[in-house]
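Please treat every number below as a calculation from the coordinates, not as lab data. All values derive from a computational prediction rather than experimental measurement. Ideal geometry is used to build each Cβ from the backbone, glycine not excepted, and the neighbour counts take in all protein chains shown.
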Amino acid sequence: MLSFIFVTCDNGREKTKTLDFGRFTIEVPKTWEKVKQRGIDSYVGQIAVDRSDTLNFDLGWYSSDLTERPDYRIDEGKIYLLNQELTKDTLIYEFVGTTDTVDVDDFFKDSVSWTTIDNKKAKLVQPKKSGLGTTGVYIDSLWTAGSGTDKFQINGQNLKSNNERLFLEAIKTLRFKSK
């Protein structure tokens, strides 16, 4: 008796698709979908990841650099943290330590690293704790447009850990088309 066994190779390509936004492309899981948005001074849009997670992008002169701005202040070497639970109508800060005893980096939810995407220097942002913070990328110089320089950012907030992982992989596939 003669038997045949067929083996297929799954290199991942069958599970992804390329979304073309005109000025850039990104390879994403097949289930992710474009969502059109209307911008005033830049090209904006969204990618629906699933029912709860969405990615937002902005390409233009004023794109956010994804810098996290924690709610603390320093006064005469003393560090005060904004109490989120008590702030209804007024800002209430609580003393948490001094600059000698507290590392203000502990107040940040996100970590920042640098990489190269499509031959451009890129700021990569991801949560220190998966699911709590920003996952995204910012590029401060795509090309000159009129009298300014177009910037780009795409990010998601508080993504589920699997979506965060898939998005970080997709970021590597960004390709830009100059004007």
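Per-structure values
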read-out	value
GNM flexibility winner over the chain from F152, F95, F107 (Cα, springs under 10 Å)	F95
Prolate/oblate/rounded label for the chain (Cα gyration tensor, a/c 1.5)	prolate
Taking all pairs of distinct alpha-carbon atoms in the range 35-82, Kirkwood radius in angstrom	13.8 Å
Members of K151/K177; K78/K151; K36/K151; K36/K172; K109/K160; K30/K151 lying beyond 25 Å, as alpha-carbon distances in this model show	K78/K151; K30/K151
FRET E, pair D105, Y62, Förster distance 35 Å, beta-carbon r, rounded to 0.05	0.80
For the range 140-155, Karplus couplings with θ = phi - 60° (6.51, -1.76, 1.60), whole Hz, Gly/Pro x	8, 8, 8, 6, 7, 10, x, 9, x, 10, 6, 10, 8, 8, 9, 8
Sorted by Cβ neighbour density within 10 Å, fewest at the top, the residues K151, K129	K129, K151
Approximate spin-label separation S52-T116, in nm, with each point projected 7 Å along Cα-to-Cβ	3.9 nm
Gaussian network model of the chain, springs between alpha carbon atoms under 10 Å - residue of D65, D75, D106 with greatest fluctuation	D75
Per-residue HN-Hα couplings for the range 164-174 [Karplus 6.51, -1.76, 1.60; θ = phi - 60°; Hz; x = Gly/Pro]	4, 4, 5, 5, 4, 5, 5, 3, 4, 9, 4
Difference of contour (0.36 nm per residue) and Cα-Cα distance, T18 to I92	21.9 nm
Once exposed loop GluC sites (Glu not before Pro) are cut out (DSSP; at most 11 other Cβ, 10 Å), longest piece of the chain	86-179
Extension gain (nm, one decimal) between L168 and V35, 0.36 nm per residue minus Cα-Cα	45.9 nm
